[in-house]
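**Student:** One structure follows; several queries about it will come next.
The values are calculated or read from the model by the stated rules, or taken from the named source; none is laboratory data. These figures come from a predicted structure and were not determined experimentally. So basically every Cβ, Gly included, is an ideal-geometry build from the backbone, and we count neighbours across all protein chains shown.
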Amino acid sequence: MHPTLLLLHGFPLDHTLWASNIPALSAMAEVIAPDLRGFGQYRATDEVTTMEAYASDLFRILDERGVQRVIPCGLSMGGYIAMAMAEQQPARVAGLILCNTRSIADTAEAREGRRTTAHDARTKGMAVLARAMAPKLLGASTRRTRPDRLPRIEAMIARQRPEATAAASLGMAERPDRTHILRHFEKPALVITGDEDELMPLTTSVSMAHALPQGRLVVIEQAGHLSNTERPEVFNATVTDFLGKNFSQPG
Ligand code: MLT
């Protein structure tokens, strides 16, 4: 029996973030890559969508599919949600893969920035936000050597809904520090980041890997914030190795 891998995209993106990972990872796992509430094809939105609300949505989706236990693999906001899942229903979380993310809460300044992003999404529109955000999500090497990635990410952001973007931004501002959840997570755990991630300092990934009793850290070279799509071959090999070592069952 393959384990079930739940791929959770970042902000403000959709499940197509995982397009270059799903085929390779499907060899090792049952892969579920949903759109999070308000993004992609998931049309419901509210004023503020907390990480807890996304986690509840995901458990409901798993219930509907009859899936009991999963390994959430979340990138950035997806990582915040993966940690909320581990807090909400720990018995259903068999392992954790936390990519380009952090377990600590926002500073007051970061929260203020979230309110500005929410306001900008609603008033300036997604095309403006996409132009400003997309270059920051990619590492310098990707921007230089894989120029096709930038228009793809910019288009992915531009097609998201402003209300969903605002709701997610305000929801991220409310998230608590979940480092204690990691400290008590006694199951296999992998922390992945990129050495050119301009949004998450390497120290946040190091701290998470230390907090996790079975935490292992992999830093992907020449990758920025979207390590899964910037260096898909390395990302896929890293996750495949983790699944093979911790979740493969004979027969
Ligand atoms: C993301 O990629 O999901 C965002 O960078 C998360 C955040 O803004 O904290």
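**Student:** Name, by its number, the condition in (1) assigned to a loop (DSSP other than H, G, I, E, B); (2) over 25 Å from Phe247 (Cβ atoms) that does not hold for Ala53.
**Tutor:** Evaluating Ala53 over (1) assigned to a loop (DSSP other than H, G, I, E, B); (2) over 25 Å from Phe247 (Cβ atoms) leaves (1) as the failure.
Condition check ((1) among the acidic types (Asp, Glu); (2) within 24 Å of Ala189 (Cα to Cα); (3) free of Cβ contacts under 8 Å to residues at least 60 places away in the same chain) across all residues:
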site	(1), (2), (3)
Leu58	no, yes, yes
Ala94	no, yes, no
Leu98	no, yes, no
Asp106	yes, yes, no
Ala121	no, no, no
Lys136	no, no, no
Pro151	no, no, yes
Ala158	no, no, yes
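**Student:** Being at pLDDT 95 or above and over 25 Å from Thr107 (Cα atoms) is the requirement here; does Val218 meet it?
**Tutor:** yes
**Student:** Something else: So, in the range 8-33, how many residues would count as being of a type outside the set (D, E, K, R), more than 13 Å from the ligand (Cβ to nearest atom) and in contact (Cβ under 8 Å) with a residue 12 or more places away in the chain?
**Tutor:** Qualifying residue count for the region: 15.
**Student:** Do any helices (runs of 4 or more DSSP H) lying entirely in the range 193-251 carry at least 3 residues that are within 15 Å of the ligand (Cβ to nearest atom) and surrounded by 14 or more Cβ atoms within 10 Å (Cβ to Cβ), and which ones are they?
**Tutor:** Here the list reads 202-211, 227-230.
**Student:** Being more than 12 Å from the ligand (Cβ to nearest atom) and either buried (at least 24 other Cβ atoms within 10 Å of the Cβ) or in contact (Cβ under 8 Å) with a residue 40 or more places away in the chain (or both) is the filter here; which residues of the range 73-92 pass it?
**Tutor:** Listed by number, the residues that qualify are Cys73, Met83, Ala84, Met85, Ala86, Glu87, Pro90.
**Student:** Moving on to the next point. Of everything in the range 94-119 that's surrounded by 24 or more Cβ atoms within 10 Å (Cβ to Cβ) and not in a loop (DSSP other than H, G, I, E, B), which residue is farthest from the ligand (Cβ to nearest atom)?
**Tutor:** Leu96
**Student:** Which members of the range 150-169 meet the condition of being part of a helix (DSSP H, G or I) and over 17 Å from the mean Cα position of the chain (by Cα)?
**Tutor:** Leu150, Pro151, Arg152, Glu154, Ala155, Ala158, Pro162, Glu163, Ala166, listed by residue number.
**Student:** Output yes when any residue across the range 132-146 is within 16 Å of the ligand (Cβ to nearest atom) and assigned to a loop (DSSP other than H, G, I, E, B), and no when none is.
**Tutor:** yes
**Student:** Restricting the search to the range 60-93, which residues are more than 21 Å from Ile22 (Cα to Cα) and among the aliphatic types (A, V, I, L, M)?
**Tutor:** Of everything in the range 60-93, those that are more than 21 Å from Ile22 (Cα to Cα) and among the aliphatic types (A, V, I, L, M) turn out to be Met83, Ala84, Met85, Ala86, Ala91.
**Student:** Somewhere in the range 161-168, is a residue within 12 Å of the ligand (Cβ to nearest atom), touching a residue at least 12 places away in the same chain (Cβ under 8 Å) and crowded, with 19+ Cβ neighbours inside 10 Å?
**Tutor:** Taking every residue of the range 161-168 in turn, at least one turns out to be within 12 Å of the ligand (Cβ to nearest atom), touching a residue at least 12 places away in the same chain (Cβ under 8 Å) and crowded, with 19+ Cβ neighbours inside 10 Å.
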